[in-house]
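Contents: one structure, followed by commentary.
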Amino acid sequence: MKQIYLDNASTTPVRPEVLEAMLPYFSEEFGNPSSIYPLGQRASDAVADARAVIAALIGAKPSELYFTSGGSEADNWAIKGFARANQAKGRHIITSAIEHHAVLHTCQALEKEGFEVTYLPVDGDGLVDPAVFEAAIRPDTILASIMFANNEIGTIEPIGELAAIAHAHGVTFHTDAVQAFGHEPIDVTELGIDLMSASAHKLNGPKGVGFLYVRKGVKLANLIDGGQQERGRRATTENVPGIVGFAKAAELACAESAEVRERQAAIRDHAIERILAEIPHARLNGSHDSRLSNNVNVSFEFIEGEGMLLQLAARGICVSSGSACTSGSLDPSHVLLAIGLPHEIAHGSLRMTLGRDTTMEDVDFAVDALKTTMGNLRMMSPLYEDYQAGRVGSIIEDMAAGTYRRAE
Ligand SMILES: *Cc1c(COP(=O)(O)O)cnc(C)c1O
């Protein structure tokens, strides 16, 4: 059966060029970068080259880049490391309600250590309002962490503006750029970013490798103590093949990103237009204008996201839902709730994220399958029967008309 992979915000396949660059470092070039003989030095040089390549891509110095085991570790290190090293200046942190769990759960862990955290609300598009951000800053605020682009709804935050506000108040600014690096142009110096997390497997690189950018002068406590790797700031023998693959993937992704964005945005908009035109009681989640070029997130009324996912999976289509049922929890996505969706609508949500090779035909196939699926599910839905009999209204229609009032 044909498989159509539309879950690229979750992970991406390693590109052949990336795999090819990595292969020697698993076998003949297997040296430990800390060893002084040539085999080790060649591994050390490969890591240094990778660091220089990635630093140049974001306008940083190689000495400001630290490799990690992925985006989650980079987020943990940025936030815990900064908070613990700077708590004499204050113990207040600001983040947003729609962050990835790598940021949210890290902030919650710090609350147990006595830090105070403000979780900023977002508007209906998922945007953090710079004025709301500024108003939340207190004399004891030391750090703000606002994601570059959201992994569920694709909303791109006004990072430059937020960083400038943070700096005007002496607050250090971290951004989780896992969904943005390699997709959107990023210059840390231009944008005023102090700390930035990224991950290789979201840009056609390998899993298990990421980086944390740390602007020169920003103090961080170590998260992983041990040997002198990463200039004594992050122990463990370097993931040499992973780091080499990350640099190759990032170099290719950044070089092609303008072209990929344009192509993807056309396919994305085609998918959104078709869904909204051809499937009744559907709504787009996230911003129209400030949106990742590969993200489609839609909600459908009168059905459950899980049923939709299973039926699509049976047709070879890999997508993800806006609820966490599949991971054993019945809670709908915190992101969809934060943009104001009622639970029942958040439960019927679907995320399709395009890859660099996704075609119009792929998306048309998926939308056709979605229409069939939706027809099947609604035919079996008692809620839909109630709606058709006029016993209940449509929340999505009320939301679109601005007449929806959430039951308190
Ligand atoms: C995937 C993702 C992460 C986690 O990255 P890993 O490398 O899988 O740990 C963090 N933040 C965002 C926004 C993500 O999309």
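The values are calculated or read from the model by the stated rules, or taken from the named source; none is laboratory data. Everything numeric in this text was worked out from a predicted model, so none of it was measured. Positions of Cβ are generated from backbone atoms using ideal geometry, with glycine treated the same way; all protein chains shown enter the neighbour counts.
The rows are residues; the columns are (1) over 17 Å from T353 (Cα atoms); (2) more than 11 Å from the chain's Cα centre (by Cα).
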{"residue": "P158", "(1), (2)": "yes, yes"}
{"residue": "A168", "(1), (2)": "yes, yes"}
{"residue": "V171", "(1), (2)": "yes, yes"}
{"residue": "A177", "(1), (2)": "no, no"}
{"residue": "E184", "(1), (2)": "no, yes"}
{"residue": "D187", "(1), (2)": "yes, yes"}
{"residue": "E190", "(1), (2)": "yes, yes"}
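Does A221 satisfy the condition of being under 30 Å from P139 (Cα atoms), away from the ligand (no atom under 16 Å from the Cβ) and modelled with pLDDT of 95 or more?
Against the criterion (under 30 Å from P139 (Cα atoms), away from the ligand (no atom under 16 Å from the Cβ) and modelled with pLDDT of 95 or more), A221 qualifies.
Tell me, please, whether a residue that is under 30 Å from L23 (Cβ atoms), crowded, with 21+ Cβ neighbours inside 10 Å and among the polar types (S, T, N, Q) can be found in region 43-54.
Checking region 43-54: not a single residue is under 30 Å from L23 (Cβ atoms), crowded, with 21+ Cβ neighbours inside 10 Å and among the polar types (S, T, N, Q).
Filter region 142-156 for residues that are closer than 21 Å to F115 by Cα and either under 10 Å from the mean Cα position of the chain (by Cα) or among the hydroxyl-bearing types (S, T, Y) (or both); which is farthest from the ligand (Cβ to nearest atom)?
Filtering region 142-156 for residues that are closer than 21 Å to F115 by Cα and either under 10 Å from the mean Cα position of the chain (by Cα) or among the hydroxyl-bearing types (S, T, Y) (or both), the one farthest from the ligand (Cβ to nearest atom) comes out as S145.
Consider region 125-165. How many of its residues are farther than 20 Å from R268 by Cα and crowded, with 22+ Cβ neighbours inside 10 Å?
Adding up the residues that qualify gives 10.
If only one of Y119, Y213 is over 17 Å from S72 (Cα atoms) and not polar (S, T, N, Q), which one is it?
From the options Y119, Y213, the qualifying one is Y119.
Just the residues that are in a loop (DSSP other than H, G, I, E, B) and among the basic types (K, R), please, taken from region 210-235.
R215, K216, K219, R233, R234
Identify the residue in region 166-189 that is more than 26 Å from A85 (Cβ to Cβ) and surrounded by fewer than 21 Cβ atoms within 10 Å (Cβ to Cβ) and, among all such residues, is farthest from the ligand (Cβ to nearest atom).
Among those that are more than 26 Å from A85 (Cβ to Cβ) and surrounded by fewer than 21 Cβ atoms within 10 Å (Cβ to Cβ), it is P185.
With assigned to a helix (DSSP H, G or I), at pLDDT 95 or above and surrounded by 15 or more Cβ atoms within 10 Å (Cβ to Cβ) as the only criterion, which of V18, V14 stands out?
It is V18.
Tally the residues that are within 10 Å of the ligand (Cβ to nearest atom) and either without any contact (Cβ under 8 Å) to a residue 40 or more places away in the chain or surrounded by fewer than 24 Cβ atoms within 10 Å (Cβ to Cβ) (or both), restricting the search to region 71-101.
Of the residues in region 71-101, 5 are within 10 Å of the ligand (Cβ to nearest atom) and either without any contact (Cβ under 8 Å) to a residue 40 or more places away in the chain or surrounded by fewer than 24 Cβ atoms within 10 Å (Cβ to Cβ) (or both).
So which pairs qualify, if the first residue must be in region 218-243 and closer than 30 Å to E20 by Cβ, the second must be of a type outside the set (A, V, I, L, M) and part of a helix (DSSP H, G or I), the Cβ gap must be under 7 Å, and the two must be at least 6 apart or on different chains?
Partner pairs satisfying both residue conditions: A235/Q229; T236/Q229; T237/Q229; E238/Q229; V240/Y25; P241/Y25.
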